[in-house]
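Peer 1: First, the structure itself, so that you have it in front of you.
Any read-out appearing in this document is the output of simple, stated calculations on the displayed coordinates, not a laboratory observation. The shown structure was predicted, so the numbers you read here are calculated from the model rather than taken from an experiment. So basically every Cβ, Gly included, is an ideal-geometry build from the backbone, and we count neighbours across all protein chains shown.
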Amino acid sequence: MGQHDQSVGFGDYLRDAIHAAGFATPTQFARAVQTDPSVVLRWLSEEQRPTIRSLERVAPALGKTINEMVNAAYKDRLPDVGGAQKPMHPLGYEVGRILAEDSGLLTTERESLVHKLERTLEPYRRDLRRRRRGA
């Protein structure tokens, strides 16, 4: 698979994303996202493409959207839509990392933060739902 022109590049993309997200090694990243290091190494060498489910799990740890990851891993299988997905706000990625199971927060701290965020965001969710229905 790494020999096909269309798929070349995901390994480099992933390697750059791992380092940009602050992981010292691919193994450290693999452990943080609860994936076997050998699987991440196969992604890096482009021997294997990650599943969509895997991309959903690793994207937040890399500060990437799921769409960005899917586009990078499967660009040869997707239509060119010209970047239809807006990048997430940096705080969104940060909250994702803070709430991740391996972030180091105690379960009680995590639950408290989730509860506070849910209460804070609820009025905005209602407003966004009304806007979508009215559009």
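Peer 1: When only Cα pairs under 8 Å and 6 or more residues apart are kept, what is the percent relative contact order across the range 10-73?
Peer 2: The value is 35 percent.
Peer 1: Going out from 0 in 5 Å bins, what whole percent of all Cα-Cα distances in the range 10-73 drops into each bin?
Peer 2: Reading upward from the zero bin: 4, 20, 36, 31, 8.
Peer 1: Among 42-53, 98-109, what's the highest-first ranking by average C-beta atoms within 10 angstrom per residue?
Peer 2: 42-53, 98-109
Peer 1: Order these peptides, 27-40, 117-130, by their mean beta-carbon neighbour count within 10 angstrom, highest first.
Peer 2: 27-40, 117-130
Peer 1: Placing +1 on the Cβ of each Lys and Arg and -1 on the Cβ of each Asp and Glu in the range 10-73, which of Pro37, Ala20, Ala73 has its Cα farthest towards the positive end of the resulting dipole?
Peer 2: Pro37
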